[in-house]
């Protein structure tokens, strides 16, 4: 039997926002018949669109081990589940199935600096990385940073209400577009270099404080010349009440309701309002 020079590449979560971009990136250099898209619902329009491009669509549910079939797969991209609190068990199902099938490489999308990150979300990633290390399967970890789209998605609401809420204080974040993380995943899957045991810390080239997207929302990008200055762009909530703004001002009422609805009561002292208007 002749061995194909390109191993079959399997992308889980292929109808998700990141998964679709990974498929797009792979199709630039890999024949469609060498790509398998794992989806929970093969009848979804996004799954049908992948099939129309020549990609094999295969039902893949992290919670149903019987759907995790990887016997003909050379390399597998495990995109982390969004079921917070249940992700470790779901990821273990995929890893165990891949190990039984003899998959040559598992690439896993973790979180930036997972080993030391204080983020609550990082713990499940740490446990998944430990499961990979103990599985006896070659693996590579893609520790993705924050998505820029997490900020751009908030712009319409910020413009509507005149403020961008956040609790980062003066902290700086090096975000990158999902397409960049997808390109990195595709590069690892198609690389001829041995990836076993490698860990990639992935983020944007430059960092920015939370006030940067607030300014970007209210000014043309070409007008930026000075670095972000916290004193001018950031105010504690509630701010000192100006003489011309009463406690019943609509903007103040809106943010009061937002704060009352937050479940982060211990952290409210750190909450900031970044003005966009």
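The values are calculated or read from the model by the stated rules, or taken from the named source; none is laboratory data. Small disclaimer: the values here were computed from a predicted structure and weren't measured. Here Cβ is always computed from backbone atoms with ideal geometry, including for glycine, and neighbour counts include all displayed protein chains.
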#### Entry: Failed item in (1) closer than 30 Å to residue 192 by Cβ; (2) more than 23 Å from the chain's Cα centre (by Cα); (3) surrounded by fewer than 14 Cβ atoms within 10 Å (Cβ to Cβ), with residue 130 passing the rest
(2)
### Total residues in region 178-195, condition assigned to a loop (DSSP other than H, G, I, E, B) and touching a strand residue (DSSP E or B) at 6+ places or on another chain (Cβ under 7 Å)
1
### Task
Working only within region 133-146, note down all residues that are buried (at least 18 other Cβ atoms within 10 Å of the Cβ) and assigned to a loop (DSSP other than H, G, I, E, B).
137, 145
### Query
Which condition number does residue 158 fail, the rest of (1) touching a strand residue (DSSP E or B) at 6+ places or on another chain (Cβ under 8 Å); (2) in a helix (DSSP H, G or I); (3) surrounded by 19 or more Cβ atoms within 10 Å (Cβ to Cβ); (4) at pLDDT 95 or above being met?
(4)
